[in-house]
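See structure below.
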Amino acid sequence: MNIGMRRQRGFTLVELMVVVTIIVILLTMAIPMYTKQTTRSREAVLKSNLFSMRMAIQQYIYDHQAAPHGLDDLVSAGYLKEIPVDPITGLYNSWKPVPEDSANAMDTNNPGIGDVHSGSTKIGLDGTHISEW
(Lines give C-alpha, C1' and ligand atoms only; values in the text may rest on other atoms or scores of the structure.)
Protein backbone atom coordinates (compact mmCIF):
# COMPACT_ATOMS: atom_id res chain seq x y z
CA MET A 1 0.00 0.00 0.00
CA ASN A 2 1.35 3.34 -1.01
CA ILE A 3 1.65 5.98 1.73
CA GLY A 4 0.32 8.69 -0.57
CA MET A 5 -2.85 6.67 -1.25
CA ARG A 6 -3.84 6.33 2.40
CA ARG A 7 -7.19 7.96 3.22
CA GLN A 8 -7.68 9.69 6.57
CA ARG A 9 -10.64 8.35 8.56
CA GLY A 10 -12.88 10.77 10.49
CA PHE A 11 -15.42 13.50 9.97
CA THR A 12 -15.00 16.56 7.85
CA LEU A 13 -15.58 20.03 9.27
CA VAL A 14 -18.74 20.37 7.18
CA GLU A 15 -20.19 17.13 8.60
CA LEU A 16 -19.46 18.26 12.15
CA MET A 17 -21.07 21.66 11.53
CA VAL A 18 -24.22 20.01 10.16
CA VAL A 19 -24.51 17.78 13.23
CA VAL A 20 -23.92 20.68 15.62
CA THR A 21 -26.52 22.78 13.77
CA ILE A 22 -29.11 20.00 14.04
CA ILE A 23 -28.43 19.62 17.78
CA VAL A 24 -28.78 23.38 18.33
CA ILE A 25 -32.09 23.44 16.44
CA LEU A 26 -33.43 20.54 18.52
CA LEU A 27 -32.33 22.23 21.77
CA THR A 28 -33.98 25.53 20.85
CA MET A 29 -37.24 23.65 20.40
CA ALA A 30 -36.91 21.46 23.50
CA ILE A 31 -35.84 24.01 26.14
CA PRO A 32 -38.97 26.22 25.96
CA MET A 33 -41.20 23.13 26.11
CA TYR A 34 -39.27 21.88 29.14
CA THR A 35 -39.50 25.18 31.01
CA LYS A 36 -43.22 25.47 30.28
CA GLN A 37 -43.79 21.94 31.53
CA THR A 38 -41.87 22.57 34.77
CA THR A 39 -43.88 25.76 35.31
CA ARG A 40 -47.10 23.84 34.69
CA SER A 41 -46.12 21.19 37.25
CA ARG A 42 -45.16 23.84 39.85
CA GLU A 43 -48.54 25.48 39.35
CA ALA A 44 -50.28 22.13 39.83
CA VAL A 45 -48.40 21.54 43.09
CA LEU A 46 -49.30 25.08 44.22
CA LYS A 47 -52.99 24.48 43.55
CA SER A 48 -52.83 21.21 45.47
CA ASN A 49 -51.07 22.88 48.42
CA LEU A 50 -53.62 25.71 48.46
CA PHE A 51 -56.47 23.22 48.40
CA SER A 52 -54.97 21.24 51.30
CA MET A 53 -54.38 24.33 53.43
CA ARG A 54 -57.84 25.71 52.70
CA MET A 55 -59.42 22.40 53.65
CA ALA A 56 -57.37 22.35 56.86
CA ILE A 57 -58.51 25.90 57.68
CA GLN A 58 -62.15 24.95 57.13
CA GLN A 59 -61.80 21.80 59.24
CA TYR A 60 -60.09 23.78 62.00
CA ILE A 61 -62.92 26.35 61.98
CA TYR A 62 -65.52 23.57 62.09
CA ASP A 63 -63.80 21.72 64.94
CA HIS A 64 -62.78 24.70 67.10
CA GLN A 65 -65.62 27.11 66.25
CA ALA A 66 -62.90 29.71 65.59
CA ALA A 67 -60.46 30.39 62.81
CA PRO A 68 -56.75 29.70 63.29
CA HIS A 69 -54.64 32.77 63.93
CA GLY A 70 -51.82 31.53 61.75
CA LEU A 71 -50.71 28.61 59.63
CA ASP A 72 -48.64 27.38 62.58
CA ASP A 73 -51.91 26.74 64.44
CA LEU A 74 -52.85 24.22 61.75
CA VAL A 75 -49.57 22.37 62.26
CA SER A 76 -49.67 22.43 66.06
CA ALA A 77 -53.30 21.19 66.06
CA GLY A 78 -52.40 18.35 63.68
CA TYR A 79 -54.37 19.50 60.64
CA LEU A 80 -51.16 19.80 58.61
CA LYS A 81 -47.99 17.79 59.09
CA GLU A 82 -45.97 20.88 58.19
CA ILE A 83 -46.46 24.13 56.34
CA PRO A 84 -45.84 23.22 52.70
CA VAL A 85 -43.29 24.97 50.55
CA ASP A 86 -44.73 27.36 48.01
CA PRO A 87 -43.39 25.76 44.80
CA ILE A 88 -43.35 29.09 42.98
CA THR A 89 -41.31 31.05 45.55
CA GLY A 90 -39.47 28.02 46.94
CA LEU A 91 -40.19 29.18 50.51
CA TYR A 92 -42.43 27.82 53.23
CA ASN A 93 -42.92 31.23 54.86
CA SER A 94 -44.04 33.21 51.81
CA TRP A 95 -47.74 32.30 52.16
CA LYS A 96 -50.08 35.28 52.52
CA PRO A 97 -52.83 34.52 55.05
CA VAL A 98 -56.11 36.34 54.38
CA PRO A 99 -58.05 37.44 57.47
CA GLU A 100 -61.50 35.97 57.75
CA ASP A 101 -64.41 38.26 57.08
CA SER A 102 -65.20 39.87 60.43
CA ALA A 103 -68.93 39.84 59.65
CA ASN A 104 -68.87 36.04 59.27
CA ALA A 105 -66.22 35.34 61.92
CA MET A 106 -67.06 32.99 64.75
CA ASP A 107 -65.17 35.27 67.14
CA THR A 108 -65.81 38.82 65.94
CA ASN A 109 -63.45 40.28 68.55
CA ASN A 110 -60.49 38.20 67.47
CA PRO A 111 -60.82 37.05 63.83
CA GLY A 112 -58.28 34.59 62.47
CA ILE A 113 -57.34 33.60 58.96
CA GLY A 114 -60.00 32.48 56.54
CA ASP A 115 -57.93 31.85 53.44
CA VAL A 116 -54.37 31.69 52.17
CA HIS A 117 -52.67 32.75 48.94
CA SER A 118 -49.23 32.36 47.41
CA GLY A 119 -46.72 35.09 48.09
CA SER A 120 -45.54 34.99 44.49
CA THR A 121 -45.71 38.09 42.30
CA LYS A 122 -45.55 36.06 39.08
CA ILE A 123 -48.26 35.57 36.51
CA GLY A 124 -49.44 32.02 35.87
CA LEU A 125 -49.69 30.28 32.54
CA ASP A 126 -53.40 31.12 32.50
CA GLY A 127 -52.58 34.86 32.55
CA THR A 128 -53.75 35.57 36.12
CA HIS A 129 -51.63 36.65 39.06
CA ILE A 130 -50.62 33.62 41.09
CA SER A 131 -51.19 35.57 44.28
CA GLU A 132 -54.92 35.73 43.44
CA TRP A 133 -55.41 31.95 43.27
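When residues in the range 69-114 are screened for being in contact (Cβ under 8 Å) with a residue 40 or more places away in the chain and in a helix (DSSP H, G or I), 1 of them pass. Return the residue satisfying two criteria in turn: it lies in the range 72-110 and is among the aromatic types (Phe, Trp, Tyr) and at pLDDT 95 or above, and of such residues it is surrounded by the most Cβ atoms within 10 Å (Cβ to Cβ). Once the filter is applied, the top-ranked residue is Trp95.
Take the residues of the range 4-19 that are open to solvent by less than 80 Å² (accessible area, probe 1.4 Å) and not in a helix (DSSP H, G or I): which is modelled with the lowest pLDDT? So, considering only residues that are open to solvent by less than 80 Å² (accessible area, probe 1.4 Å) and not in a helix (DSSP H, G or I), the one modelled with the lowest pLDDT is Gly10. Scanning the range 40-87 for residues that are over 14 Å from Trp133 (Cα atoms) and hydroxyl-bearing (Ser, Thr, Tyr) yields Ser41, Tyr60, Tyr62, Ser76, Tyr79.
Check off (1) open to solvent by less than 50 Å² (accessible area, probe 1.4 Å); (2) β-branched (Val, Ile, Thr); (3) in contact with a helix residue (DSSP H, G or I) (Cβ under 7 Å, 6 or more places away or on another chain) for Thr38 and give me the number that stays unchecked. The number of the failed condition is (3).
Evaluated against (1) surrounded by fewer than 10 Cβ atoms within 10 Å (Cβ to Cβ); (2) more than 19 Å from Val116 (Cα to Cα), Ile22 falls short on exactly one condition, (1). When Ala66, Ala56 are screened for being part of a loop (DSSP other than H, G, I, E, B), surrounded by 14 or more Cβ atoms within 10 Å (Cβ to Cβ) and not acidic (Asp, Glu), only Ala66 passes.
The values are calculated or read from the model by the stated rules, or taken from the named source; none is laboratory data. All values derive from a computational prediction rather than experimental measurement. As a convention, Cβ positions derive from the backbone with ideal geometry for all residues, glycine included, and neighbour counts pool all protein chains shown. With ligands, DNA and RNA removed, areas are computed over all heavy atoms of the protein, side chains included. Shrake-Rupley method; radii C 1.70, N 1.55, O 1.52, S 1.80 Å.
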